[in-house]
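Notes to accompany the following structure.
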Amino acid sequence: MPYNVKEVVGNKPSRFTSGHRMCAGCGAPPAARMIMRALKPEDHAVIAGATGCMEVSTFIYPYTAWTDSFIHTAFECAAATLSGAEAAYQSMKKQGKLPQDGDTKFIAFGGDGGTYDIGLQSLSGAMERGHDMVYVCYDNGAYMNTGIQRSSATPKFADTTTSPAGTVLPGKMQSRKDLSQILVGHHIPYVAQTVGYLNFKDLYEKAEKAIYTEGPAFLNVLAPCPRGWGYPTDMLMQINKLAVETCYWPLYEVVNGKYKVNYKPAKKLPIEEFLKPQKRFKHMFKPGNEWMIEEFQKEVDNRWQELLALESLSLKED
């Protein structure tokens, strides 16, 4: 949908306000602000925040960065809590107990620890039941809020406090879980992977589609963490860009089972460009550890080719 970014997006009031306590250089706040801006001005939102960086830093009683209704729920059950709120809303609306002007949208925010791992069961249940809601995972690749422990979103070989790179092991030894593909397997109307890059256009458009698609939707948003990843705070947008240009984090969406890759780099960068600015991967560049970079590159290439093949299959089916 073509639009003037300044008129349609820039002039909208922020529903995720400044003054929160998120770290400088964190990728989650810009993503949350843009997602909330995708709401129509006349619509209200109910936000469920799983325990994590965003929750503890944006809702410290009696202060809040959210202008819409906000529910703090436990680490593992943001999707379950929000699905209950959505079900109650639908019931009350049918009974005529709610005003008919405007609409209320339901959006959950959870980090990768509370989404990929602890909250996967409640997320899967909410998606399978078909609640009209959006679940947003801000993927910072570890349990950052509790001390940078590895999660199933942590990439292979990353150095974390529970997968330290040393003489015994070269960091985390397992591959990163592909949660976006797991959600596609739930056969929900809309799944998308995005990031705060490309002037936020991709993020805004996908957030708008997710919010205004009837039924369950899922957004997986890369949210770099300067503390856990080890990059200077002013490099946030560059790290986002490198994640996309190396195809470590492809931008794509799946609408009713049909794949569409939204961005294909004209010249795909080698994965070293993404890894090198981050301290969590510095051991990979020591002499004798070239095999780690080669293995990492191979995995990125394989996943990228699998995604392109899924898009090609979708085009053939059309």
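The table for this structure:
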{"read-out": "Under 5 Å, built H, 5+ apart or other chain: amide partners of VAL46", "value": "LYS105, PHE106, ILE107"}
{"read-out": "Charge context of ARG227, other residues only, Cβ under 12 angstrom, K/R +1, D/E -1", "value": "+2"}
{"read-out": "Loop trypsin sites (Lys or Arg not before Pro), region 42-137 (other Cβ atoms within 10 Å of the site Cβ: 15 or fewer; DSSP)", "value": "LYS97"}
{"read-out": "Contact order normalised by residue count of the chain, Cα under 8 Å, 6+ apart, percent", "value": "16"}
{"read-out": "Using θ = phi - 60° and Karplus 6.51 cos²θ - 1.76 cosθ + 1.60, couplings along region 193-204 (whole Hz; Gly, Pro as x)", "value": "10, 8, 7, x, 8, 6, 6, 6, 4, 4, 5, 5"}
{"read-out": "Dimensions (Å) - region 231-318, Cα atoms, principal axes, largest first", "value": "48, 30, 21"}
{"read-out": "Environment charge of ASP103, counting only residues whose C-beta is closer than 13 Å and scoring Lys/Arg +1, Asp/Glu -1", "value": "-4"}
{"read-out": "Links that overshoot a 25 Å alpha carbon limit, given the list LYS105/LYS264; LYS12/LYS105; LYS156/LYS258", "value": "LYS105/LYS264; LYS156/LYS258"}
{"read-out": "The chain, dipole about Cα centre (Lys/Arg Cβ +1, Asp/Glu Cβ -1), debye to the nearest 20", "value": "540"}
{"read-out": "All-pairs alpha carbon distance profile, region 5-317, 20 Å steps from 0, percent", "value": "33, 58, 8, 0"}
{"read-out": "Under the Karplus curve 6.51 cos²θ - 1.76 cosθ + 1.60, θ = phi - 60°, whole-Hz ³J(HN,Hα) for region 41-46, x wherever Gly or Pro sits", "value": "x, 7, 8, 9, 10, 10"}
{"read-out": "Cβ-derived FRET efficiency at R0 41 Å, TYR263 paired with LYS94, nearest 0.05", "value": "0.50"}
{"read-out": "Mean separation of Cα contacts under 8 Å (6+ apart) over length of region 123-265, as relative contact order %", "value": "26"}
{"read-out": "Chain lengthening between ARG129 and THR161 when straightened (0.36 nm per residue, less Cα-Cα)", "value": "7.9 nm"}
{"read-out": "Radius 15 Å from Cβ of VAL56, net charge of other residues (Lys, Arg +1; Asp, Glu -1)", "value": "+1"}
{"read-out": "Amide H partners (placed H, <5 Å) of ASN140, local residues excluded", "value": "ASP112, ALA223"}
{"read-out": "Dipole magnitude (debye, nearest 20) for region 148-221, charges at Cβ of Lys, Arg, Asp, Glu", "value": "280"}
{"read-out": "Per-residue ³J(HN,Hα) for region 87-94, Karplus 6.51 cos²θ - 1.76 cosθ + 1.60, θ = phi - 60°, Hz, x for Gly and Pro", "value": "5, 5, 4, 4, 5, 5, 5, 5"}
{"read-out": "Burial order of peptide ranges 39-46, 135-142, 118-125 (average beta-carbon count within 10 Å, highest first)", "value": "135-142, 118-125, 39-46"}
{"read-out": "Residues whose placed amide H lies under 5 Å from that of GLY25, excluding near-sequence neighbours", "value": "none"}
{"read-out": "Value of [θ]222 nm, deg cm²/dmol, for the chain, DSSP H segments ≥ 4, -39500 (n - 2.57) each, nearest 500", "value": "-10000 deg cm²/dmol"}
{"read-out": "Order of ASP101, ASP202 under a 10 Å beta carbon neighbour criterion, fewest first", "value": "ASP101, ASP202"}
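Here, each number is a calculation from the coordinates, and none is a lab measurement. All of these numbers come straight from a predicted model, not from anything done at the bench. Note that we place each Cβ from the backbone using ideal geometry, even for glycine, and neighbour counts take in every protein chain shown.
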